[in-house]
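Take a look at the structure set out below.
FYI, it's all coordinate maths here, none of it is from the lab. Just so it is clear, the model here is predicted, and its values are computed rather than measured. We place every Cβ from the backbone using ideal geometry, glycine too, and count neighbours over all the protein chains shown.
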Ligand SMILES: Nc1ncnc2c1ncn2[C@@H]1O[C@H](COP(=O)(O)OP(=O)(O)O)[C@@H](O)[C@H]1O
Ligand SMILES: [Mg+2]
């Protein structure tokens, strides 16, 4: 799929922007703090209805404005969709072909993106929570069912943790009710474990091929899914369900003691293993970088395999961090099939092949100028207050008999799998008490 056109209004430092992009590589070049990342972020937000940089949507609204609007035309083999996301102080509203989507889960997946930024090295080196977030964002984009189960699991987890605390402080006594909560948690948890097992295996296969290519066959990458559900009980939801029920039952006393749920997929992790060793602990920085690149590029193949379309690739400041070899691999992986947006402060150190053909835009103070590239690339940055976008919005609002800025129809649905961090428990870990005590 590709993003044919993007329109912004009062998004970060963009008062108004209307730009058509190349279906292949779009290079955004500019000095620091000009709006390069903001532009990629806008595409990301259009896809996922949340930012990768902040959980506070208000930051997306241009200073002094009431709401931000992102509109994009997404073209797929099967047709095209006009996506629109309005971020107002009271909440978000999403529309597909002008029809409001009351549930985020109905909106997500219309535009699939893979973002690679320097901090993505944290996929390899960071905390298990970082990797879980990565996995969930990734799989959630491909599967509404995954997103649903995740959201249900998180809701149940919050309820069960709250009840465990009541039991701990003797505000509740009914252990049968705890068993009811445990069963429900296990049911949703089983769906997540089985999906993660299958999708991680599929992703690992893609990553291994890419990794072998980058290392010229010298290194072998595998994934190790780390979950408390035993390996031989992850291939059916029934088996995983029973395994989780048993785990919850056997940890019950300790869970009451600690007032929190100690077992389940909210504690999952995945280890990246290169030549038999965990690359986070034993790999060189170069090996970690190569692994992160292979994992990111595998996302592209995984999305293609599961949705029938390649996602849009967003590369924020990563190219100059990769050596020529890795750049060449990246290019091979995307050329002629993946629409790519890449930002850079300079064309130095970027492989010639990458910048030979694409559309190049210069970004300065929230405005884009086409520098080169195919004729498809056109831009209009309109003065605020008199632009077509605003007129259209006003007309649309009038037609609906509503005020122009959007309110919180979608925000109310935030728990829909895209909420920040509900899989974490606030209690501090007792030393040595949790089965994996690396976090809370
Ligand atoms: N809500 C906002 N309203 C207006 N300007 C903003 C907003 N958020 C960030 N900015 C501005 O955007 C600029 C940073 O843009 P960014 O895309 O991160 O730069 P870069 O080109 O280095 O990637 C800064 O000048 C910052 O002040
Ligand atoms: Mg930036």
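Note: relative contact order over region 119-308, using C-alpha pairs below 8 Å and six or more positions apart, is 31 percent. Could you tell me which of rounded, prolate or oblate describes region 119-308, using a ≥ b ≥ c as the square roots of the eigenvalues of the alpha-carbon gyration tensor, with rounded for a/c under 1.5 and, failing that, prolate when a/b is larger than b/c and oblate otherwise? Because a/c hits 1.5 or more and a/b exceeds b/c, region 119-308 counts as prolate. Potential lengthening of the chain between residue 176 and residue 103 amounts to 22.9 nm, from the contour at 0.36 nm per residue minus the alpha-carbon distance. The distance between label points at residue 127 and residue 352 comes to 4.7 nm (points 7 Å beyond Cα on the Cα→Cβ vector).
Starting from the Cα of residue 76, step 7 Å along the direction of its Cβ; do the same at residue 201; then give the gap between the two resulting points in nm. About 2.7 nm, to one decimal. Panel order for 291, 237, 222, 369, by other beta carbons found within 10 Å of each beta carbon, from fewest to most: 369, 222, 237, 291.
Calculated FRET efficiency, residue 119 to residue 144, Cβ-Cβ distance, R0 = 25 Å: about 0.35 to the nearest 0.05. Full extension of the chain between residue 282 and residue 332 yields a length gain of 15.2 nm, computed as 0.36 nm times the residue separation minus the alpha carbon distance. Going by neighbour counts of Cβ atoms within 10 Å, the residues 318, 75 line up, fewest first, as 75, 318.
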